[in-house]
Amino acid sequence: MNIVVLIKQVPDTNEVRIDPVTKTLIRQGVPSIINPEDKNAIEMALTLKQKYGCKVNVVTMGPPQADVALREAMAMGADECYLMTDRAFAGADTYATAKALSTAIKKVFPDCDLVLCGRQAIDGDTAQVGPQTAEQLGIPQVTYVKEVEVTGNKLTVSRAIENGHEIIELSTPALLTIVKEANKPRYPSMSGIFDAYQAEIKTITNDDLKLDNGELGLKGSPTKVVSTETPDTQRSGEVFTGNPKDCCGQLAQRLKQRHLI
Ligand SMILES: Cc1cc2nc3c(=O)[nH]c(=O)nc-3n(C[C@H](O)[C@H](O)[C@H](O)COP(=O)(O)OP(=O)(O)OC[C@H]3O[C@@H](n4cnc5c(N)ncnc54)[C@H](O)[C@@H]3O)c2cc1C
């Protein structure tokens with residue numbers, strides 16, 4: 001089985017700051033990480049590789065420095081890593097991102113059986129790229145997946161829902177988005193880290209995809225961001241001072257006055 005895992009390099013959100021003038025994320029000097037649920041998707045692929053002998057390809061679309069994320073995936077145990085980087089891809093919304101990713105899957109991995117994504121990226125936060133990629137590939141998809149079993153070309157997956165789970169069967173090729181409850185991503189081994197820093201990261205540009213420039217990046221993005229606002233803090237709140245017991249008493253009194261308890 002040939003697996004493609006789509007990963008995104010994201011800013012470590014605890015450190016994110018917004019430019020007060022342009023209202024965009026300040027990325028300079030902000031540490032980047034693999035989107036956490038994408039690590040769960042990598043772990044799922046590596047578990048399937050151990051169980052069924054799959055090949056694990058990892059792909060990211062991003063700037064040249066996103067190769068660090070791919071090297072980490074390689075150190076975890078991925079077989080091959082691909083960086084999709086081209087000025088034509090810049091400024092893509094989720095639709096144009098999915099267009100580029102799905103075209104790369106069709107052209108570079110024509111025999112792909114399974115595409116794995118994280119459920120959601122912690123910066124863009126839309127959870128749209130996985131479903132849109134499946135739609136553009138014309139393959140079945142299941143979101144919020146916790147467990148995967150493979151029998152021939154049939155997948156049996158457990159999908160997390162509120163208060164339980166659903167068992168769904170589908171055929172390959174298919175796309176699954178993986179939730180953080182699925183597993184605990186492994187740490188790269190020391191030798192894996194050394195090997196990953198020597199390993200070849202293959203590059204995919206629009207010369208490989210041959211998409212019209214109007215279908216990519218900002219030009220190919222139907223979403224138009226009119227403005228971005230940081231909400232004002234309207235209420236100053238009330239701070240109780242004193243020892244913890246007195247503070248709790250004051251808080252309880254305030255809640256009672258408002259008929260909240
Ligand atoms: C008009 C517009 C312009 C934008 N310009 C830029 C820009 O210049 N630079 C920029 O970084 N962002 C830009 N964005 C944000 C960009 O659209 C999103 O970062 C991107 O489409 C992913 O969406 P998301 O973060 O909501 O991911 P989600 O949909 O939440 O991600 C779900 C999963 O999809 C996969 N995935 C998501 N993105 C990628 C990727 N790039 N490569 C591989 N797999 C992926 C991962 O598995 C991830 O877990 C722009 C958005 C808009 C609306």
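The values are calculated or read from the model by the stated rules, or taken from the named source; none is laboratory data. None of the values given here were measured: they were computed from a predicted structure. Backbone-built Cβ (ideal geometry, glycine too); neighbour counts: all protein chains shown. The accessibility values were calculated without ligands, DNA or RNA, using every heavy atom of the protein model including side chains. Shrake-Rupley method; radii C 1.70, N 1.55, O 1.52, S 1.80 Å.
Can you tell me which residues in the stretch 47-56 are surrounded by fewer than 22 Cβ atoms within 10 Å (Cβ to Cβ) and touching a strand residue (DSSP E or B) at 6+ places or on another chain (Cβ under 7 Å)? Within the stretch 47-56, LEU48, LYS49, TYR52, CYS54, LYS55 qualify. Inside the stretch 83-103, residues that are farther than 11 Å from MET61 by Cβ, within 6 Å of the ligand (Cβ to nearest atom) and either open to solvent by less than 10 Å² (accessible area, probe 1.4 Å) or assigned to a helix (DSSP H, G or I) (or both) make up a count of 1.
Checking each residue in the stretch 114-170 for being touching a Ser or Thr at 6+ places or on another chain (Cβ under 8 Å) and free of Cβ contacts under 8 Å to residues at least 12 places away in the same chain picks out GLU149, GLU166, ILE167. Screening LYS184 against (1) within 15 Å of the ligand (Cβ to nearest atom); (2) at pLDDT 90 or above; (3) open to solvent by 100 Å² or more (accessible area, probe 1.4 Å) leaves a single unmet condition, (1). Counting only residues that are among the small types (Gly, Ala, Ser) and farther than 21 Å from SER158 by Cα, how many does the stretch 168-198 have? Residues in the stretch 168-198 being among the small types (Gly, Ala, Ser) and farther than 21 Å from SER158 by Cα: 4 in total. Which number in (1) within 13 Å of the ligand (Cβ to nearest atom); (2) more than 17 Å from the chain's Cα centre (by Cα) marks the one condition that ASP113 misses? That leaves (1) as the condition not met. Put simply, of ASP208, ASP195, ASP123 the only residue that is of a type in the set (Asp, Glu), under 22 Å from ALA66 (Cα atoms) and within 12 Å of the ligand (Cβ to nearest atom) is ASP123.
Within the stretch 106-146, the residues that satisfy the criterion of being open to solvent by 40 Å² or more (accessible area, probe 1.4 Å), more than 20 Å from ASP93 (Cα to Cα) and in contact with a Lys or Arg (Cβ under 9 Å, 6 or more places away or on another chain) are LYS107, VAL108, TYR144, LYS146.
In the stretch 46-66, the residue that is modelled with the lowest pLDDT out of those that are among the polar types (S, T, N, Q) and either closer than 29 Å to ASP86 by Cα or in contact with a Lys or Arg (Cβ under 6 Å, 6 or more places away or on another chain) (or both) is GLN65.
Residues being among the basic types (Lys, Arg) and surrounded by fewer than 10 Cβ atoms within 10 Å (Cβ to Cβ) are represented in the stretch 249-258 by at least one member.
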